[in-house]
Amino acid sequence: MTAATTHGYTPGLRVTERALIRRVRRLPLPGHVHVQVGHEVTAEQLVASTELPGNVVNVNVAHELSITPEDVPALMLEGEGEPVEARQIIAESRAFWGLFHSIARAPITGTVETISDVTGQVLVRGRPISVEIDAYIDATVVVVQGDETVVVETRGALAQGILGVGGEAHGRLKMLCSEPDELCQAELIEDACRDCILVGGGRVTLETLQAAAEVGAAGVVTGAIDDTDLDEFLGAPLGVAITGQENLGTSLVLTEGFGDTPMRRRTFELLAERDGRRASVNGATQIRAGVIRPEVIVPEPGATWDAAEEQAGGGLAVGSPVRLIRRPHFGLPAEITELPERLEAIPTEAEVRVARVRLEDTGEVVAVPRANLEIIVQ
């Protein structure tokens with residue numbers, strides 16, 4: 001098997017204590033960049049900002065005043081470009097010596113954008129929507145592109161997960177569990193969890209997530225969850241598109257998936273060793289083209305290791321740690337023991353290249369299609 005073919009079947013899941021991490025911080029529209037190359041920034045520091053045009057609301061003034069469209073401009077109390085407040089009278093008509101009085105009001109606070117004598121309608125644009133982008137991680141600014149893009153870079157530990165919800169957050173790591181298979185229960189949540197990224201072990205309960213959100217925790221990182229609890233926490237069934245836009249207050253990163261699967265010990269120990277350190281978390285996940293994985297980043301202030309020392313993954317090899325990503329062993333960690341060159345028949349009667357792996361929990365050796373493996377980079 002060629003190296004290219006090997007990589008094609010094995011997406012990498014990174015769990016490493018030495019990674020060079022770069023993140024692009026990009027505005028949706030050109031605006032103002034507040035930093036320069038070489039600046040040291042903290043996760044919460046503003047690096048760029050802009051204003052999006054406000055929403056436009058239509059007012060049918062001709063209809064509300066019972067006049068013809070061409071009469072609308074003469075009866076407007078506010079001209080194009082002038083500010084208005086919500087419910088402010090913007091047009092007025094009087095007839096029969098004032099016996100009949102009609103008015104039109106601004107539906108929102110904003111600016112009169114256009115007045116049409118053809119349609120008799122007035123467009124009011126709402127106030128600009130402020131967009132501010134922070135650095136997300138404690139890092140150094142390494143690239144500034146025009147007035148909309150900043151690239152930040154740091155060295156440190158990186159642990160990617162299988163699934164997450166909720167957006168970017170940052171805080172200090174706080175261990176909730178002492179073992180990777182310990183149930184993450186609500187009684188572990190206390191006032192000291194506020195603004196922290198909480199690290200569990202095994203399955204997290206719905207009550208724990210609700211308690212974490214109530215106390216103001218920045219995020220929860222743990223092994224797994226019941227799918228029904230996740231749907232209840234989200235308030236709706238989990239979709240198949242990208243996650244990360246949910247307004248939950250507390251982001252969630254699952255390192256293993258669903259059910260009672262405990263966090264892999266390597267991941268648990270990596271985070272436990274950094275208990276109390278500043279970290280950043282992002283629950284955004286996309287499993288289709290353009291894979292996006294949820295992540296936990298723990299910057300290493302002052303780290304000076306070079307690229308040759310950074311831990312990066314290769315292809316499949318005997319001894320490689322992997323995760324199984326299809327039933328009946330979905331989510332289980334394992335180690336490759338053999339990579340047969342010949343095609344082998346699987347239960348679907350297809351002939352494919354397989355890997356023989358030793359399951360971490362039972363020690364059993366099973367044959368798995370290579371396409372059903374995910375390398376754990378460490």
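Just so it is clear, none of the values below were taken in a lab; they were calculated from the coordinates. The model shown is predicted, which means the values in this text are computed figures rather than measured ones. Cβ atoms come from the backbone with ideal geometry, glycine included; neighbour counts cover every protein chain shown.
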Return the sequence-ordered ³J(HN,Hα) values of segment 127-141 in whole Hz as given by the Karplus equation 6.51 cos²θ - 1.76 cosθ + 1.60 applied to θ = phi - 60°, using x for Gly and Pro.
-> 4, x, 9, 6, 10, 10, 10, 8, 6, 6, 10, 5, 7, 10, 6
Per-residue ³J(HN,Hα) for segment 275-286, Karplus 6.51 cos²θ - 1.76 cosθ + 1.60, θ = phi - 60°, Hz, x for Gly and Pro = 4, x, 7, 5, 8, 10, 9, 9, x, 4, 9, 9
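Test of understanding: ordering Ser280, Ser66 by Cβ neighbours within 10 Å, fewest first, what list do you get? Let's see the in-between values first.
Values: Ser280 28, Ser66 10.
Exposure proxy ranking, most exposed first: Ser66, Ser280.
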Placed amide H near Val143: partners under 5 Å, 5+ positions off or other chain = Val151
Hydrodynamic calc, segment 7-154: Kirkwood Rh from Cα pairs, then Stokes-Einstein at 20 °C with viscosity 1.002 mPa s, so D in µm² s⁻¹ is 112
What number, rounded to the nearest 500 deg cm²/dmol, is the helix-based mean residue ellipticity at 222 nm of the chain, given -39500 (n - 2.57) per DSSP H run of at least four residues and division by all its residues?
-> -3000 deg cm²/dmol
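State whether segment 56-126 is rounded, prolate or oblate according to the following rule on the C-alpha gyration tensor (a ≥ b ≥ c being the square roots of its eigenvalues): a/c under 1.5 gives rounded; otherwise a/b larger than b/c gives prolate, and the remaining case gives oblate. Write out the running numbers ahead of the final one.
Values: a/c = 2.13, a/b = 1.51, b/c = 1.41.
Taking the square roots of the gyration eigenvalues as a ≥ b ≥ c, segment 56-126 is prolate.
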Helix axis angle, 206-215 relative to the chain longest principal axis, alpha carbon, degrees = 50
